[in-house]
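Shown next, in structure tokens, is the structure this report addresses.
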Amino acid sequence: MSTIGDSSGTGGTEPEEAPDPQEAAIAGGGVPDEQSSDDDEQTVPELSRDLVFDVLKNRRRRYALHYLRRADDSVELSELAEQVAAWENDTTIGAISAAERKRVYTALYQSHLPKLDEAGIVEYNQNRGIVELSGAAEQLDVYLDLDAQPDIPWCNWYLGLAVGGIGLLTGAWLGLPPFSLVGDVLVATIVVAAYASVAIAHTYVTRHAAGAGETPPEIQES
């Protein structure tokens, strides 16, 4: 009498277990598709010039980008809106009104930040109200040029004044022409006035250069 083979008996065959695709890929020296897609996502997109000009033509977006450039990490939308509103009204954060703050906040939330996020310039989480610059934002540096400050060699000016002043005083003290025709007091007055002029110019430029790191150039020039 014949019997039907039982899988638990010696005559039965166990079903083969399907191989793991990831293990097969590793064994074959291949790379999983998921890892390849992650590498592709890390590629920084190149911004076209038309896109950059369209983004930067709005002053409010330029102010937002300037603030994000200074931030070390992501910032809250409320914090960004307060500073942009203060810059737009040429005042401090504490002096802006609730209406001014709300107007900028709404515009950033609904329009400007989504546009920058769509362009790949910022990473904007609208639900959490968090925004930060993306890797592609570095391509805007050549257009914004917000950190450019005059590089004046003040040490050379002071050194030149010191050498010139010593020369004038020495010539007047020795009575050499044409210094003999000018009194010592007048020579000393000229040297002091020259030093004072350079010191005043140095102080003025330094204060405005410090302000350049805190506010956009358009604020300083107004």
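The values are calculated or read from the model by the stated rules, or taken from the named source; none is laboratory data. Remember, predicted model here, so these are calculated numbers, not experimental data. So basically every Cβ, Gly included, is an ideal-geometry build from the backbone, and we count neighbours across all protein chains shown. For accessibility, only protein heavy atoms count, side chains too; no ligands or nucleic acids. Shrake-Rupley method; radii C 1.70, N 1.55, O 1.52, S 1.80 Å.
At q = 0.11, 0.13, 0.25 Å⁻¹, what is the base-10 log of I(q)/I(0) for the range 51-117 according to the Debye formula with one equal point scatterer per Cα and no solvent? Please give it to two decimals.
Log-scaled intensity ratios, in q order: -0.23, -0.32, -1.16.
Tally Lys/Arg at +1 and Asp/Glu at -1 over every other residue whose Cβ is under 10 Å from the Cβ of Glu76; what's the total?
-1
Give me the 1.4 Å probe accessible area per residue for the range 57-168, excluding ligands and nucleic acids, in Å². Display every interim value, and only then the final one.
Values: 6330 Å² over 112 residues.
Here the residues of the range 57-168 average 57 Å² of exposed surface.
Given the Cα-Cα distance of Ile93 and Ile190 and 0.36 nm per residue of separation, how much length would full extension add, in nm?
30.4 nm
Relative contact order of the range 82-146: what whole-number percent is it, with Cα pairs under 8 angstrom and at least 6 residues apart?
Relative contact order for the range 82-146 comes out at 18 percent.
Taking 0.36 nm per intervening residue step and subtracting the Cα-Cα distance, what contour gain separates Lys102 from Arg69 on full extension?
9.6 nm
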